[in-house]
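Beneath this line is the structure, given in structure tokens, with notes to follow.
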């Protein structure tokens, strides 16, 4: 039987979420065969979703990913999604060659590579060598002003053949898009770029 692609899986979960909200009973599905041996933990107070522009939404999720699988687990990519808000966050691209830090569009938020797990993809997670840091994601969808407080969000690490390791997390919604300096177990997570006092309109091309 052909395996579902990640896009197929997301469409299926979105449809299931809508049916559940309509109180339509659904059959239970056994996904154990597609689950990779990885443990994902998060720091809820260090997980935030914020508006970047009228077209873009960003997130950072403080997580630790670990495995006890002897040969390690290979991952091609990762994403985060909130079905209740219809948001899917793709990995924020790595800095340009020689670039000093990860930056969201507008250069509004600056993250040092040492505290970002994006740099591990694609790559292999090995035992006793956890990935501890921030997942940085961007969604090509506006953040609804009605969203406030805490929001459930699913982080998925994507292996081969449609297999995933995932965890249900909680993130805080900051619709203003302006974040303060925060000192956490990862050190200072980000800082406001002084040059970003008057951001220009952002293009969906994140490589610019």
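Scanning region 92-135 for residues that are buried (at least 21 other Cβ atoms within 10 Å of the Cβ), at pLDDT 90 or above and part of a strand (DSSP E or B) turns up 102, 116, 125, 131, 133, 134, 135. Does residue 135 satisfy being farther than 27 Å from residue 174 by Cα and touching a helix residue (DSSP H, G or I) at 6+ places or on another chain (Cβ under 9 Å)? It is false that residue 135 is farther than 27 Å from residue 174 by Cα and touching a helix residue (DSSP H, G or I) at 6+ places or on another chain (Cβ under 9 Å). Annotation: of all residues in region 136-154 being in a loop (DSSP other than H, G, I, E, B) and in contact (Cβ under 8 Å) with a residue 60 or more places away in the chain, the one that is surrounded by the most Cβ atoms within 10 Å (Cβ to Cβ) is 143.
Any chance you could count how many residues in region 62-86 are under 20 Å from residue 140 (Cβ atoms), modelled with pLDDT of 90 or more and buried (at least 17 other Cβ atoms within 10 Å of the Cβ)? Before the answer, list the steps.
Of the residues in region 62-86, the ones under 20 Å from residue 140 (Cβ atoms) are 77-86.
Checking the rest, the ones that are also modelled with pLDDT of 90 or more come to 77-82.
Now drop any that are not buried (at least 17 other Cβ atoms within 10 Å of the Cβ), which leaves 78-82.
Selection size over region 62-86: 5.
Scoring residue 89 on the criteria (1) in contact with a strand residue (DSSP E or B) (Cβ under 9 Å, 6 or more places away or on another chain); (2) surrounded by fewer than 20 Cβ atoms within 10 Å (Cβ to Cβ); (3) not in a loop (DSSP other than H, G, I, E, B) leaves a single failure, condition (2).
On the basis of being surrounded by fewer than 16 Cβ atoms within 10 Å (Cβ to Cβ), at pLDDT 90 or above and farther than 13 Å from residue 57 by Cα, does residue 185 make the cut?
Values: surrounded by fewer than 16 Cβ atoms within 10 Å (Cβ to Cβ): yes; at pLDDT 90 or above: no; farther than 13 Å from residue 57 by Cα: yes.
In short, no.
For every residue, the table says whether it meets (1) farther than 16 Å from residue 116 by Cα; (2) over 14 Å from the mean Cα position of the chain (by Cα).
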{"residue": "39", "(1), (2)": "yes, yes"}
{"residue": "44", "(1), (2)": "yes, no"}
{"residue": "61", "(1), (2)": "no, no"}
{"residue": "64", "(1), (2)": "no, no"}
{"residue": "67", "(1), (2)": "yes, yes"}
{"residue": "78", "(1), (2)": "no, no"}
{"residue": "81", "(1), (2)": "yes, no"}
{"residue": "88", "(1), (2)": "yes, no"}
{"residue": "92", "(1), (2)": "no, no"}
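The values are calculated or read from the model by the stated rules, or taken from the named source; none is laboratory data. Remember, predicted model here, so these are calculated numbers, not experimental data. No Cβ is skipped: glycine too gets one built from the backbone with ideal geometry, and neighbour counts run over all protein chains shown.
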